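Here is the structure we will look at, set down as structure tokens.
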Amino acid sequence: MTTEIEIAPNQYQFTVAEYHQMKEVKLPLYAESGIPEVWIVNLKSSCVEVYTGPQQGSYSQLQTLKRGQVVTPQQIPLLVKVNELMG
């Protein structure tokens, strides 16, 4: 099992086109492949979007975490502070 983590490709944020590609192209491909968990680290919005429950090309659950919250990967016993992902 794998957790996929996407972080903005440049220092500060996804461009609109890159964010669209992630949400509309990559995310369905990850779900079709059975990747159980995908994180999108969105620096512009200062949040981490956690997608779980892949079903027929989409994810059934979305959790959005902000600074000060903690996220735990499903596959690894690890606590990650959202602040640490934001830099």
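The values are calculated or read from the model by the stated rules, or taken from the named source; none is laboratory data. Being a predicted model, the structure only gives us computed values, none of them experimental. No Cβ is skipped: glycine too gets one built from the backbone with ideal geometry, and neighbour counts run over all protein chains shown.
Checking VAL48, VAL41, VAL25, VAL16 one by one, the residue that is modelled with pLDDT of 85 or more and farther than 20 Å from PRO77 by Cβ is VAL25 and no other. Within the range 58-70, the set of residues being farther than 12 Å from VAL38 by Cβ and either in contact (Cβ under 8 Å) with a residue 40 or more places away in the chain or in contact with a strand residue (DSSP E or B) (Cβ under 6 Å, 6 or more places away or on another chain) (or both) comprises SER60, THR64, LEU65, LYS66, VAL70.
Determine whether the range 53-66 contains at least one residue that is basic (Lys, Arg) and part of a loop (DSSP other than H, G, I, E, B). Give the derivation first.
Of the range 53-66, the ones basic (Lys, Arg) are 66.
The next check asks that each one be part of a loop (DSSP other than H, G, I, E, B); those that pass are none.
Looking for residues that are basic (Lys, Arg) and part of a loop (DSSP other than H, G, I, E, B), one finds none in the range 53-66, hence no.
Taking the criterion of being in contact with a Pro (Cβ under 9 Å, 6 or more places away or on another chain), surrounded by 12 or more Cβ atoms within 10 Å (Cβ to Cβ) and either farther than 14 Å from LYS26 by Cα or basic (Lys, Arg) (or both), the only residue of the range 53-73 that qualifies is GLY53.
Applying the criterion of being part of a strand (DSSP E or B) and aliphatic (A, V, I, L, M) to the residues of the range 67-87, the residue that is nearest to the chain's Cα centre (by Cα) is VAL71. Considering (1) touching a helix residue (DSSP H, G or I) at 6+ places or on another chain (Cβ under 9 Å); (2) charged (D, E, K, R); (3) surrounded by 12 or more Cβ atoms within 10 Å (Cβ to Cβ), the lone condition that LYS26 does not fulfil carries the number (1).
If you go through the range 73-84 and keep only what is under 11 Å from GLU37 (Cα atoms) and among the polar types (S, T, N, Q), you end up with GLN74, GLN75.
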